[in-house]
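Let me begin by presenting the structure, written as structure tokens, before commenting on it.
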Amino acid sequence: MAAAYIHGIQRQGIYACPKYFAVCSQESGKTSVDAILDERTLRELYLTGFEIAVKEGKPKAIMTAPNRVNGIQISDNVHLLKELLRNEWEFEGIIMTDQSGSRDPVQSLLAGTDLEMASPGFDSAGKIVTAVKNGRLPEEIVNESADRILDAAMTLTENTALSGEADIREHNELARKAAAESAVLLKNENDLLPLHSETRVAVIGDLAFDPRYQGERERKVNPSQLETLTEKIREYNFIVTGISRGYLRNGNEDIILEKEAEELAAAADVVLYCFGLPEWSESEGRDREQMRLPQNQIHLLEKLSRVNPNVVGILNTGSPVEMPWLSCIKSLIYAGLNGQAGAGAILDLINGNINPSGKLSMTWPLRYEDVPSYHYFPGKNHNAQYRESIFVGYRYYDTVHQNVLFPFGYGLSYTRFEYRDIWTEDKGAGFTLTNTGNVDGAEIVQMYVGLGHSKIFRPEKELKGFRKVFLKAGESRTLWFQFDDKTFRYWNARTNRWEVEGGTYRIMIGADSADIRLTAEKEIQGTTEEFPYDRNRIPSYYTGMVSNIQEEEFKALTGKTIPYDGYGNDLTLDDTPAQMYYAKSSIARFIWKRLSRKIKKKEASGRPDVKRRRIMDTSFHALTKQTDGRISDEMMEGILLMINGHLSKGLGRTSNVH
């Protein structure tokens, strides 16, 4: 998807810039946290998406993540930027930092970074000039970087005269198509959906009036138009008996609204209940701390289901949620954050104009505690330890046979599909798919690969191909999955290269990761002569039971000593104001306490202070990059001396900076 997106952007004469490269998995402290993980996990999980985007999409720019990886700031990371991105993947474009994502401008240039965003002032420029003069930084490296920047400036200036007016109507139809094809039917008890014409429906939920259709903060864009379900439903052949907000978006209870919604539900044949997570719970600048929906929405759902069992839920969230309330809903559509035309798309699914065909791109666990990274996420203070290694999502749940709410790749349809007659050849695997129902529809078929009795630890199965196929009722088609360079490979951390383990692989074709319909075997020749692991040192990884990995076993996997993290250390430029709770200065601890109270008070009101939280979670060195040079690194070092209990020394250091 990223590679295709890049092609589309760059055909318009604009540079595409994928972000964040790489291993940026949390918002809290993201400019200071150190992602600690083994090279195999880095390569197989967190870099493969970028590898495809870079090699196939050929973007003209790429943005580094603001965190560290294995102790090194990404903008300064020679292994990630020079050895891997530029040399191995042959990336020739601009490497830029995010705002406040740089650490050492000289080391960044040595690593291959070209552009420091966004307002560091002249502090960095002065350090670069000094480094060239004293021989630490070769002048030709500066020239190469400047050439890339100048090429971009000249090219993009020439391409500013892009095509004029956009066809807003055509764009809205495309948005509706995308929303309809990506919506996932999660439940459809007794085939309640699709609803027939003249069904008496009550529309309930604040999200029906003001849809949550996109992410928050920097993810927000202004749509050319925005459909709401309360308005759009009047274009369909339903009898709308009433509409009600039902609940408050901020999470507070409202007895009057709830009573109104109950009365409308009791008088209808079917309730369309629009609910989900509010904007502030899935916003840039903060991590989710649990996986529950607001309780006032669940209270209302329970009341509605008691007066009308035919509740159709329309769920708007950007990520999985727990569903102890699922029995209160007869049919459930996961709409996600479905864009400006989402209302029409959902109604087309509800009345049967479109047959649902979306599948989940994430496993939905029964509860947050079941997630393999539950004990490790988010990383505190300095360290985000990826102790779960490659066992994330379905790779973990299927391997340890953990019950889940909905498996990866899951999604229902108004028709049925039969899988049969699998075969394999040297270059791939094929099978026949038939639409055995009475309705035309599309199925997303998935190919997984697994190797039993492997000498390296690995998941029970891994997705290696998928395809969306539209079939008319009764139609059959022979489908083919071609093996590629990623089908059987793994990263051998001992030989430091991609290799293939020889053996008899299971080729599995299914409707989702837990619904495998066809299985075949394929003998594959290996390339491995030297295997990377001592099984006795990392036994948990060979079972997949990684939810509580101890430090010694993680050290054996990564080959790294995990640095002490937290109380008792002096704060450094890589730390954040959020860590001043253990500062040696009582004034710093007082400031931390006051700011923390204000942040918690705002969150309790349902209107989080995202800006203040973001400042608290931004590293001290990153804060200097946001001041346009008003605070230099030397000044910040003086401030840190005061925070660490050296008031007079810090004041002296700060006052001597000009």
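Checking Arg234 against (1) open to solvent by less than 30 Å² (accessible area, probe 1.4 Å); (2) on the phi < 0 side of the Ramachandran plot: exactly one of these is not met. Which one?
Condition not satisfied by Arg234: (1).
On the basis of being without any contact (Cβ under 8 Å) to a residue 60 or more places away in the chain and either closer than 27 Å to Glu443 by Cα or of a type in the set (Ser, Thr, Tyr) (or both), does Ser244 make the cut?
For Ser244, the condition - without any contact (Cβ under 8 Å) to a residue 60 or more places away in the chain and either closer than 27 Å to Glu443 by Cα or of a type in the set (Ser, Thr, Tyr) (or both) - is met.
Looking only at region 6-25, which residues are open to solvent by less than 30 Å² (accessible area, probe 1.4 Å) and touching a strand residue (DSSP E or B) at 6+ places or on another chain (Cβ under 6 Å)?
Pro18, Phe21, Val23
Might you let me know whether region 369-380 holds any residue that is farther than 30 Å from Glu227 by Cα, in contact with a Gly (Cβ under 6 Å, 6 or more places away or on another chain) and touching a residue at least 24 places away in the same chain (Cβ under 8 Å)?
Checked region 369-380: no residue is farther than 30 Å from Glu227 by Cα, in contact with a Gly (Cβ under 6 Å, 6 or more places away or on another chain) and touching a residue at least 24 places away in the same chain (Cβ under 8 Å).
Do the conditions hold for Thr627, that is, is it free of Cβ contacts under 8 Å to residues at least 60 places away in the same chain, hydroxyl-bearing (Ser, Thr, Tyr) and not in a helix (DSSP H, G or I)?
no
I'd like to check something: does region 50-61 contain any residue that is in contact with a Gly (Cβ under 7 Å, 6 or more places away or on another chain) and open to solvent by less than 20 Å² (accessible area, probe 1.4 Å)?
yes
Just one of the numbered conditions (1) at pLDDT below 95; (2) farther than 20 Å from Val371 by Cβ; (3) small (Gly, Ala, Ser) is not true of Ser281; which one?
Among (1) at pLDDT below 95; (2) farther than 20 Å from Val371 by Cβ; (3) small (Gly, Ala, Ser), the lone unmet condition for Ser281 is (2).
Test each condition in (1) assigned to a loop (DSSP other than H, G, I, E, B); (2) within 30 Å of Glu39 (Cα to Cα); (3) open to solvent by 20 Å² or more (accessible area, probe 1.4 Å) for Tyr410 and report the one that comes out false.
Of everything listed in (1) assigned to a loop (DSSP other than H, G, I, E, B); (2) within 30 Å of Glu39 (Cα to Cα); (3) open to solvent by 20 Å² or more (accessible area, probe 1.4 Å), Tyr410 misses just condition (2).
How do the pairs read when you match residues in region 312-336 that are without any contact (Cβ under 8 Å) to a residue 24 or more places away in the chain with residues anywhere that are surrounded by fewer than 21 Cβ atoms within 10 Å (Cβ to Cβ) and polar (S, T, N, Q), using Cβ under 9 Å and keeping only pairs 6 or more apart or on different chains?
Ser327/Ser305
Within region 391-406, does at least one residue satisfy the condition of being over 27 Å from Ile354 (Cβ atoms), assigned to a loop (DSSP other than H, G, I, E, B) and open to solvent by less than 10 Å² (accessible area, probe 1.4 Å)?
Checking region 391-406: at least one residue is over 27 Å from Ile354 (Cβ atoms), assigned to a loop (DSSP other than H, G, I, E, B) and open to solvent by less than 10 Å² (accessible area, probe 1.4 Å).
For Lys177, indicate whether it is touching a helix residue (DSSP H, G or I) at 6+ places or on another chain (Cβ under 8 Å), open to solvent by 80 Å² or more (accessible area, probe 1.4 Å) and not in a loop (DSSP other than H, G, I, E, B).
yes
Which residues, taken from region 208-236, are at pLDDT 95 or above and over 22 Å from Leu174 (Cα atoms)?
Correct list: Phe209 only.
Could you tell me which residue of region 414-435 is most open to solvent (accessible area, probe 1.4 Å), considering only residues that are in contact (Cβ under 8 Å) with a residue 24 or more places away in the chain and closer than 21 Å to Lys187 by Cβ?
Across region 414-435, the extreme among qualifying residues is Tyr414.
Considering only strands (runs of 3 or more DSSP E) fully contained in region 478-544, which possess at least 2 residues that are more than 28 Å from the chain's Cα centre (by Cα) and exposed (fewer than 14 other Cβ atoms within 10 Å of the Cβ)?
Here the list reads 515-524.
Output the residues belonging to region 586-623 that are at pLDDT 90 or above and of a type in the set (Phe, Trp, Tyr).
Those that are at pLDDT 90 or above and of a type in the set (Phe, Trp, Tyr): Phe590, Trp592.
Can you tell me which residue among Arg200, Arg103 is touching a residue at least 12 places away in the same chain (Cβ under 8 Å) and surrounded by 19 or more Cβ atoms within 10 Å (Cβ to Cβ)?
Of the residues listed, the single one that is touching a residue at least 12 places away in the same chain (Cβ under 8 Å) and surrounded by 19 or more Cβ atoms within 10 Å (Cβ to Cβ) is Arg103.
For region 110-164, which positions are charged (D, E, K, R), modelled with pLDDT of 95 or more and within 17 Å of Ala61 (Cβ to Cβ)?
Asp114, Glu144, Asp147, Arg148
What number of residues within region 59-77 satisfy the criterion of being free of Cβ contacts under 8 Å to residues at least 40 places away in the same chain and out of contact with any strand residue (DSSP E or B) (no Cβ under 8 Å at 6 or more places or on another chain)?
3
Would a scan of region 122-129 turn up a residue that is in contact with a helix residue (DSSP H, G or I) (Cβ under 7 Å, 6 or more places away or on another chain), over 30 Å from Ser28 (Cα atoms), surrounded by 15 or more Cβ atoms within 10 Å (Cβ to Cβ) and of a type in the set (A, V, I, L, M, F, W, C)?
The answer is yes, given that some residue of region 122-129 is in contact with a helix residue (DSSP H, G or I) (Cβ under 7 Å, 6 or more places away or on another chain), over 30 Å from Ser28 (Cα atoms), surrounded by 15 or more Cβ atoms within 10 Å (Cβ to Cβ) and of a type in the set (A, V, I, L, M, F, W, C).
If you take the residues of region 180-197 that are exposed (fewer than 14 other Cβ atoms within 10 Å of the Cβ) and among the polar types (S, T, N, Q), which of them is farthest from the chain's Cα centre (by Cα)?
Ser197
When you check Trp480 against the structure, is it in contact with a helix residue (DSSP H, G or I) (Cβ under 9 Å, 6 or more places away or on another chain), modelled with pLDDT of 95 or more and either within 21 Å of Lys522 (Cβ to Cβ) or not aliphatic (A, V, I, L, M) (or both), yes or no?
Judged against the criteria, Trp480 is not a match.
Please verify whether Ser596 is open to solvent by 40 Å² or more (accessible area, probe 1.4 Å), farther than 30 Å from Lys455 by Cα and among the hydroxyl-bearing types (Ser, Thr, Tyr), treating the condition exactly as stated.
So Ser596 fails the test.
Which of (1) farther than 30 Å from Gly393 by Cα; (2) outside any loop (DSSP other than H, G, I, E, B); (3) without any contact (Cβ under 8 Å) to a residue 40 or more places away in the chain is the odd one out, the single condition Lys555 does not satisfy?
With (1) farther than 30 Å from Gly393 by Cα; (2) outside any loop (DSSP other than H, G, I, E, B); (3) without any contact (Cβ under 8 Å) to a residue 40 or more places away in the chain applied to Lys555, the lone miss is (1).
Pick out the one residue from Ser75, Ser28 that is open to solvent by 10 Å² or more (accessible area, probe 1.4 Å) and within 30 Å of Ser281 (Cα to Cα).
Ser28
Among the numbered criteria (1) open to solvent by less than 30 Å² (accessible area, probe 1.4 Å); (2) under 24 Å from Arg43 (Cα atoms), which one does Val469 miss?
Going through (1) open to solvent by less than 30 Å² (accessible area, probe 1.4 Å); (2) under 24 Å from Arg43 (Cα atoms) one by one, Val469 breaks only (2).
Anything in region 180-199 that is farther than 22 Å from Ala511 by Cα and acidic (Asp, Glu)? List them, or say none.
Glu198
Restricting to region 447-466, name every residue that is assigned to a strand (DSSP E or B) and either open to solvent by 10 Å² or more (accessible area, probe 1.4 Å) or without any contact (Cβ under 8 Å) to a residue 60 or more places away in the chain (or both).
Once the filter is applied, which keeps residues that are assigned to a strand (DSSP E or B) and either open to solvent by 10 Å² or more (accessible area, probe 1.4 Å) or without any contact (Cβ under 8 Å) to a residue 60 or more places away in the chain (or both), region 447-466 yields Val449, Gly450, Glu462, Leu463, Lys464, Gly465, Phe466.
Take region 258-293 and flag every residue that is free of Cβ contacts under 8 Å to residues at least 24 places away in the same chain, under 29 Å from Asp348 (Cα atoms) and not acidic (Asp, Glu).
Across region 258-293, the qualifying residue is only Ser281.
Scanning region 203-225 for residues that are closer than 22 Å to Arg176 by Cα and among the acidic types (Asp, Glu), which turns out least open to solvent (accessible area, probe 1.4 Å)?
My answer is Asp206.
The values are calculated or read from the model by the stated rules, or taken from the named source; none is laboratory data. Treat the numbers as computed from the prediction; the structure is a model and nothing was measured. With ideal geometry, Cβ positions are generated from the backbone for all residues, glycine too; neighbour counts draw on all protein chains shown. SASA here: full protein model, heavy atoms, side chains in, ligands and nucleic acids out. Shrake-Rupley method; radii C 1.70, N 1.55, O 1.52, S 1.80 Å.
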